[in-house]
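K.L.:
Mind having a look at this structure? Questions to follow.
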Amino acid sequence: MNLTNEHITDKDLKQKTGSIYTPLDIVEKMMSKVEDEFWADPTKTFCDPTCGVGNIIIPMLDNRVRHGIDPTTALKTMYGNELLKESYDILMQ
């Protein structure tokens, strides 16, 4: 999945809702700040309080799995919230 700010192209909607999507290069920098032991710990939980189209929560899941957490456990330890239906619909594709 190509995760970018461009998934929501309705500029009026972006302006009305104040939606800003984190660019992937920034997400990569943020993820690199988390120590490997946290990604690899099955007891740690991760939350994206404004998950939008998944620019952060999907790489979080990927990092958990790449660090040896099975996908089911990784999903059970991750939480995301989104209020904007348009963003949620894109995330769920």
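The values are calculated or read from the model by the stated rules, or taken from the named source; none is laboratory data. Worth saying up front: this structure is predicted, and the values here are computed from it rather than measured. Glycine also receives a Cβ, built like all others from the backbone with ideal geometry; neighbour counts cover every protein chain displayed. Heavy atoms of the whole protein, side chains included, go into the accessibility calculation; ligands, DNA and RNA do not. Shrake-Rupley method; radii C 1.70, N 1.55, O 1.52, S 1.80 Å.
K.L.:
Using 0.36 nm per residue of separation minus the Cα-Cα distance, give me the extension gain between Met31 and Asp62 in nm, one decimal.
P.N.:
Working: separation 31, 0.36 × 31 = 11.16 nm, distance 1.06 nm.
Net length gain for the segment: 10.1 nm.
K.L.:
Per the 1.4 Å probe, what fraction of the accessible area of segment 54-93, in percent, lies on carbon and sulfur atoms?
P.N.:
Values: 1470 of 2460 Å².
Summing carbon and sulfur atoms, their accessible area is 60 percent of the total for segment 54-93.
K.L.:
Oh, and also: When the chain is fully extended, how far beyond the present Cα-Cα distance does Thr50 get from Met92, taking 0.36 nm per residue of separation?
P.N.:
Details: separation 42, 0.36 × 42 = 15.12 nm, distance 1.44 nm.
Length gained between Thr50 and Met92: 13.7 nm.
K.L.:
I would also like to ask the following. Taking Lys16 as the anchor, which aspartates and glutamates have their alpha carbon closer than 20 Å to its alpha carbon, excluding any fewer than eight residues away along the same chain?
P.N.:
Glu6, Glu82, Glu86, Asp89
K.L.:
Also, quick follow-up: Peptides 56-62, 19-25, 46-52, 33-39: what's the order by average Cβ count within 10 Å, highest mean first?
P.N.:
The densest-packed peptide leads the list: 56-62, 46-52, 19-25, 33-39.
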